[in-house]
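Working notes for the structure below.
The values are calculated or read from the model by the stated rules, or taken from the named source; none is laboratory data. From a predicted model like this one, the values you see are computed outputs, not experimental measurements. Note that we place each Cβ from the backbone using ideal geometry, even for glycine, and neighbour counts take in every protein chain shown. Heavy atoms of the whole protein, side chains included, go into the accessibility calculation; ligands, DNA and RNA do not. Shrake-Rupley method; radii C 1.70, N 1.55, O 1.52, S 1.80 Å.
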Amino acid sequence: MEIKIERARAEQLKPKPADESRLGFGDIFTDHIFLMDYEKGKGWFSPRIVPYTNLSIDPAAMVLHYGQEVFEGLKAYGGKDGAIYLFRARENFKRLNRSARRLCIPEIDAELAMDGLRQLIVIDREWVPRTPGTSLYIRPNIIATEPHLGVRPSNTYLFYIIIGPVGAYYKEGLNPVKIYVEDKYIRAAPGGTGEAKTAGNYAASLLAAEEAKEKGFTQVLWLDAVERKYVEEVGTMNMFFVIQDEVITAPLSGSILPGITRDSVIHMVKDWGMKMSERSLAIDEVIDAAQSGALKEAFGTGTAAVISPVGEITYKGKAYVVAGGKMGELSQRLYNEIVAIQYAQKEDPYGWREKIA
Ligand SMILES: *Cc1c(COP(=O)(O)O)cnc(C)c1O
């Protein structure tokens, strides 16, 4: 399928951010958008890149009533050599399709989506920020657009990709966060939609996050929905714990988002000859280890922050300091290594980086 391109006219072009060092996250989008439509019986059609625009959808569009939606989050990086790179982007479109299956949304052609993304970035390449730590955030989204009230899968969909420059996640070094172990609310139950990147999961997480914020915490650490016993993940990150010489993360049991950063970390930790376990980890084991000094590090992983060290864990009203409240050695090594691959500052031994322009 050929991707039609309509370029923005000079008067449609937006001003670019004046000061890249002050970029935030998720508020600025480029001059173009990639779109593609779906109709039952016809499949996906009309892939196109057009000037960035509002969407026009019927107020009865099913996504607005029944939440039939899936999305992705990835980045393009301005390399040291001036080129633009993606990091494991195909994995994001594969995951988008897995999420889509769970939400009864028709799958997209991942190669076509990759092609659309590459062309979109090339057209808007002047928007890729160059200040260290900044990047171009990429948000693919599929929404159910059929105007119909009544719960069933929609017969029409819209797939689109928007992109925009984002700031360095860490402006003054990697600051360890304080996390709150949530033992009242849950994020996702077995058999639910926890392993899909779909809007409803995030809407359902807001109240717990707000209450934790009021108490002075940055993130909520979710426990499993059945027993409130095993650690699952935090906010929009997977969690890793280092207990003695074992690096532990929760297994992909269906209620956890299969993070691509998580997968990269597992790969590297194994590659470095360390003991890497994907296993159930009870919060009591974490707390015991924190008390005895066996808990060496804890950190979250995700596209936005790469590695987010945890400096303090609060469970049942008691706070436990982790790694002296500082960034641990493994956290730092993983961060440095992944970022160096993403920004083409070193060889990529894993074949994760792709030059697109
Ligand atoms: C996106 C996301 C992650 C991290 O996934 P990455 O592919 O590493 O960015 C982890 N948990 C949740 C709930 C997420 O939405």
(message) Just to check your reading of the model, which residue among Ala250, Ala289 is in contact with a strand residue (DSSP E or B) (Cβ under 8 Å, 6 or more places away or on another chain), among the small types (Gly, Ala, Ser) and within 23 Å of Ile338 (Cβ to Cβ)?
(response) Ala250
(message) Test of understanding: among Ser253, Ser280, which residue is modelled with pLDDT under 95 and away from the ligand (no atom under 12 Å from the Cβ)?
(response) Ser253
(request) Report whether or not Gly191 is out of contact with any helix residue (DSSP H, G or I) (no Cβ under 7 Å at 6 or more places or on another chain), more than 16 Å from the ligand (Cβ to nearest atom) and under 21 Å from Leu252 (Cβ atoms). (result) yes
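Quick check on this structure: which one of Val128, Val166, Val122 is of a type outside the set (Lys, Arg), modelled with pLDDT of 95 or more and open to solvent by 20 Å² or more (accessible area, probe 1.4 Å)?
Exactly one of Val128, Val166, Val122 is of a type outside the set (Lys, Arg), modelled with pLDDT of 95 or more and open to solvent by 20 Å² or more (accessible area, probe 1.4 Å), namely Val122.
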(request) Tell me which residues, restricted to the range 344-355, are open to solvent by less than 50 Å² (accessible area, probe 1.4 Å) and over 13 Å from Arg88 (Cα atoms). (result) Ala344
(request) Only residues in the range 15-36 that are open to solvent by less than 40 Å² (accessible area, probe 1.4 Å) count as the first member; pair them with residues that are among the acidic types (Asp, Glu), Cβ under 8 angstrom, at least 6 apart or cross-chain, and list the lot. (result) Thr30/Asp124; Asp31/Asp124; His32/Asp124
(message) Quick check on my filter: what residues within the range 131-144 are surrounded by 23 or more Cβ atoms within 10 Å (Cβ to Cβ) and either of a type in the set (Lys, Arg) or more than 16 Å from the ligand (Cβ to nearest atom) (or both)?
(response) Ile143, Ala144
(request) May I ask you to list pairs of residues, at least six apart or on different chains, whose Cβ atoms are under 7 Å apart, with the first in the range 236-263 being closer than 17 Å to Asp224 by Cα and the second being among the charged types (D, E, K, R) and near the ligand (Cβ under 8 Å from one of its atoms)? (result) Asn238/Arg262; Met239/Glu233; Thr249/Arg262; Ala250/Glu233; Ile256/Glu233; Leu257/Lys197; Leu257/Glu233; Pro258/Arg95
(request) Determine whether the range 176-185 contains at least one residue that is within 11 Å of the ligand (Cβ to nearest atom) and within 19 Å of Ile283 (Cβ to Cβ). (result) no
(message) Can you tell me which residue is most open to solvent (accessible area, probe 1.4 Å) among those in the range 216-242 that are more than 12 Å from the ligand (Cβ to nearest atom) and at pLDDT below 95?
(response) Thr218
(request) Could you run through the range 248-263 and say how many residues are part of a helix (DSSP H, G or I) and either hydrophobic (A, V, I, L, M, F, W, C) or within 10 Å of Glu195 (Cβ to Cβ) (or both)? (result) 1
(request) Please work out which residue is nearest to the ligand (Cβ to nearest atom), limiting yourself to the range 291-319 and to residues that are open to solvent by less than 30 Å² (accessible area, probe 1.4 Å) and more than 17 Å from Ile266 (Cα to Cα). (result) Val310
(message) So the check is Cβ under 6 Å with 6+ separation or different chains; which pairs have a first residue in the range 127-149 that's closer than 15 Å to Asp81 by Cα and a second one that's among the hydroxyl-bearing types (Ser, Thr, Tyr)?
(response) Thr131/Ser21; Ser135/Tyr77
(message) Criterion first (open to solvent by 10 Å² or more (accessible area, probe 1.4 Å), closer than 22 Å to Lys213 by Cα and hydrophobic (A, V, I, L, M, F, W, C)) does Met327 satisfy it?
(response) yes
(message) Restricting to the range 60-107, and then to whatever is over 16 Å from Thr198 (Cβ atoms) and in a helix (DSSP H, G or I), can you tell me which residue is most open to solvent (accessible area, probe 1.4 Å)?
(response) Arg90
(request) Restrict the check to the range 256-272 and report whether at least one residue is modelled with pLDDT of 95 or more, within 14 Å of the ligand (Cβ to nearest atom) and over 25 Å from Asn336 (Cα atoms). (result) yes
